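J.: One structure follows; several queries about it will come next.
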Amino acid sequence: MADPSTIDDPKAPLLPLQKPPHNSNYCFKSILNKNNICILLGPLSCLLIFFFIDLGPGRKSSRNMLAVLAWVFLWWLTGAVPMAVASMAPLFLFPLFGLAKADEVAKSYMDDIIALVLGSFILALAVEHYNIHRRLALNITSFFCGDPVNPPLLLLGICSTSAFVSMWMHNTPAAVMMIPVATGILQRFPTGEDVHPDVRKFCKGVILGVIYAVAVGGMSTLTGTGVNLILVGMWESYFPQEKPISFSSWFLFGFPLALLIFFALWAILCLFYCSKGSAKVLSSYLDKEHLKRELESLELLCSVAGPMAFAEKMVLVVFGALVLLWMTRSITNDVPGWGALFDGRVGDGTVSVMMATLLFVIPNKQNEGEKLMDWNKCKKLHWNIILLLGAGFAIADGVRTSGLTDVLSENLKFLEAAPYLAMAPLVCLVSGTVTEFTTNNATTTLVVPLLVELAQSMKVHPLLLMIPGAIGAQFAFLLPTSTPSNIVGFTTGHIEIKDMIKTGIPLKIAGTAALSLLMPTLGALVFDTSKKV
């Protein structure tokens with residue numbers, strides 16, 4: 001019972017204080033827990049490599065770079081510290097191990113590509129704030145529903161909406177936005193052990209469709225995923241004298257590739273999860289009116305079901321203008337685009353930040369003095385992704401300047417004996433296998449520098465290997481832990497690992513086949529890979 005004299009004392013604790021037990025085992029367990037062990041693994045592995053690994057004479061920098069890589073990658077893999085914190089480690093590790101000056105490392109964390117991401121993230125937050133993405137999902141999905149319900153057509157609508165949203169923002173936020181729309185549709189169906197098998201299968205197909213469609217859609221644009229941006233940054237870092245990969249040039253290759261993989265995904269989902277009798281079963285639970293009511297129940301009725309407000313229209317205008325400027329800055333060698341007016345000084349990041357700035361200038365006409373965006377709305381910016389990209393660029397520079405690529409590329413010499421047409425499938429296979437056990441960005445950061453060295457030793461254009469390596473890193477289709485967007489879908493409870501493996505394996509094969517077809521044909525035309533580098 002509490003002491004009456006302390007009841008009115010503001011400094012008195014609300015609950016009785018208990019002294020921790022004076023037990024040596026208790027203290028030992030509190031220190032040596034799983035998280036602390038993971039934290040120690042990073043510096044411990046770094047020191048072991050530094051003191052006990054010898055890569056040969058004159059390769060001290062390569063050994064130091066390998067030690068730093070071990071530290072950073074172990075922290076990324078184990079999640080010992082937040083991803084953003086692990087991504088900042090090169091800022092102090094590189095100078096301490098004599099790999100680069102502090103100023104040189106810091107520059108990797110803010111360049112035109114990072115500016116491109118920063119501006120596009122702000123635009124994505126504006127789209128999310130005004131529920132434009134959900135209006136899009138409501139209209140498109142309702143259009144594809146059919147009356148009576150057509151399961152393959154409805155699946156096409158959900159997947160195409162997810163892929164389109166993912167083209168303009170990172171895969172994970174796109175999955176976070178679209179999964180509630182998908183589960184809102186699935187709530188119309190019964191749950192439990194007695195549910196009809198066709199209903200259960202269709203639910204699996206919808207969730208798998210969303211998480212795979214955002215991955216496929218992200219391949220088509222530079223802003224769709226960090227992997228594409230890392231690839232572009234590495235290309236500019238390794239070959240600064242060559243023509244950079246612009247938003248439009250990537251889109252000319254990435255969109256047809258994504259389109260082929262998308263239709264392969266849709267066909268696989270229809271084959272596995274839409275049986276012949278599913279339309280009749282699903283129609284008893286879902287039709288167009290049910291779908292509209294279910295989507296409106298996602299707290300969208302007040303802001304989405306009505307006519308577009310001025311703020312929504314202006315965000316769409318700014319967004320549309322940004323895409324148009326991205327697409328026309330650099331078109332072809334014969335038609336240089338508007339960027340030529342500024343003698344090549346303007347980049348995609350310049351446009352991205354400029355258009356994002358307009359959001360803080362244009363009023364929203366909702367409350368006096370308010371603009372379309374304010375900095376408080378930007379608290380949700382994905383700084384972890386921005387820092388991860390910066391770390392990827394810093395590591396790529398470090399691997400190149402330290403000579404570590406020469407050491408590591410020797411392990412990929414077996415690829416030199418492969419026929420030219422087999423290069424893309426082999427590189428995809430290597431990259432697509434590694435990415436199942438680590439993040440897409442980490443796989444790209446590790447594999448692409450090795451492919452640059454391999455391409456130079458084989459005397460082929462580097463992009464013929466770099467692009468398949470980066471695209472293959474996005475084929476993370478087999479495990480929930482392969483990428484965060486997979487986890488978002490897995491937590492709904494509708495899918496299991498065996499469902500992902502069942503669908504992911506043929507999707508990987510289809511993606512590898514599409515890339516193998518387009519890389520030596522359309523890719524050679526868009527990126528001019530016949531030119532000597």
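J.: Applying 1/(1 + (r/R0)^6) with R0 = 35 Å to the Cβ-Cβ distance of ASP343 and THR521, what FRET efficiency is obtained, to the nearest 0.05? Could the numbers behind the result be given before it?
T.: Details: r = 33 Å, r/R0 = 0.94.
E(calc), rounded to 0.05, equals 0.60.
J.: For the range 320-399 and the range 159-218, what is the separation of their Cα centres, given in Å?
T.: 29
J.: Leaving out ligands, DNA and RNA, what percent of the accessible area of the range 448-516 is carbon and sulfur, probe 1.4 Å?
T.: Values: 1470 of 2190 Å².
Of all accessible area on the range 448-516, carbon and sulfur atoms account for 67 percent.
J.: I need the trypsin sites (Lys or Arg not before Pro) found in the range 456-506, filtered to DSSP loop residues with at most 13 other beta carbons within 10 Å of theirs.
T.: Details: sites: LYS459, LYS498, LYS502; in loops: LYS459.
Sites meeting the loop and neighbour criteria: LYS459.
J.: Continuing with the same structure: Of ASP54, ASP397, which has the most accessible area and how do the rest follow, probe 1.4 Å? All intermediate terms of the calculation are to be shown ahead of the outcome.
T.: Working: ASP54 130, ASP397 45 Å².
The ordering from most to least exposed comes out as ASP54, ASP397.
J.: Moving to a separate point now. In the structure shown, do any of LYS60/LYS107; LYS459/LYS508; LYS107/LYS313; LYS280/LYS498; LYS313/LYS380 have a Cα-Cα gap over 30 Å, and if so which? Don't skip to the end; give the middle numbers.
T.: Details: LYS60/LYS107 24 Å; LYS459/LYS508 28 Å; LYS107/LYS313 37 Å; LYS280/LYS498 27 Å; LYS313/LYS380 22 Å.
From LYS60/LYS107; LYS459/LYS508; LYS107/LYS313; LYS280/LYS498; LYS313/LYS380, over 30 Å: LYS107/LYS313.
J.: I've got another one for you. Need the C-alpha centroid separation for the range 86-111 versus the range 458-520, integer Å.
T.: 31
J.: Search the structure for amide H atoms under 5 Å from the amide H of LYS371, placed 1.01 Å from N in the peptide plane, and list their residues when 5 or more places away or on another chain.
T.: Close amide H contacts, sequence-distant or interchain: ASN364.
J.: Rounded to the nearest 10 Å², what accessible area does THR433 have for a 1.4 Å probe in the complete protein model?
T.: Accessible area of THR433: about 70 Å².
J.: Using a 1.4 Å probe, how large is the accessible area of ARG200, given in Å² and rounded to the nearest 10?
T.: 90
J.: May I ask you to compute the full-extension gain from GLU289 to LYS107, defined as 0.36 nm times their residue separation minus their alpha-carbon distance, rounded to one decimal in nm? Walk me through the intermediate numbers first.
T.: Working: separation 182, 0.36 × 182 = 65.52 nm, distance 5.41 nm.
Taking 0.36 nm per residue and subtracting the Cα distance, the gain is 60.1 nm.
J.: Assuming R0 = 35 Å, can you tell me the calculated FRET efficiency for the pair SER457 and LEU381, based on Cβ-Cβ distance, to the nearest 0.05?
T.: 0.30
J.: Let me ask something additional. Ranked highest first by average number of other Cβ atoms within 10 Å, how do 35-41, 160-166 line up?
T.: Working: 35-41: 14.0, 160-166: 26.1.
Ranked from most to least packed, the peptides come out as 160-166, 35-41.
J.: If a paramagnetic tag sat 7 Å from the Cα of THR191 along the Cα-Cβ line, which residues of the range 477-498 would have the backbone N under 19 Å from that point?
T.: 487-497
J.: Can you tally the net charge around LEU118? Count Lys and Arg as +1, Asp and Glu as -1, for every other residue whose Cβ sits under 15 Å from the Cβ of LEU118. All intermediate terms of the calculation are to be shown ahead of the outcome.
T.: Values: positive: LYS377, LYS379, LYS380; negative: ASP111, ASP112, ASP348.
Around LEU118, the surrounding residues sum to 0.
J.: Peptides 445-458, 84-97: what's the order by average Cβ count within 10 Å, highest mean first?
T.: On the way: 445-458: 22.8, 84-97: 19.3.
Ranking, from highest mean packing down: 445-458, 84-97.
J.: Among residues other than PHE475 whose Cβ falls under 14 Å from its Cβ, what is the net charge (Lys/Arg +1, Asp/Glu -1)?
T.: Numbers: positive: LYS508; negative: GLU436.
That sum, taken over residues with Cβ under 14 Å, equals 0.
The values are calculated or read from the model by the stated rules, or taken from the named source; none is laboratory data. Treat the numbers as computed from the prediction; the structure is a model and nothing was measured. Cβ atoms come from the backbone with ideal geometry, glycine included; neighbour counts cover every protein chain shown. These area figures cover heavy atoms from the full protein model, side chains too; ligands, DNA and RNA do not enter into them. Shrake-Rupley method; radii C 1.70, N 1.55, O 1.52, S 1.80 Å.
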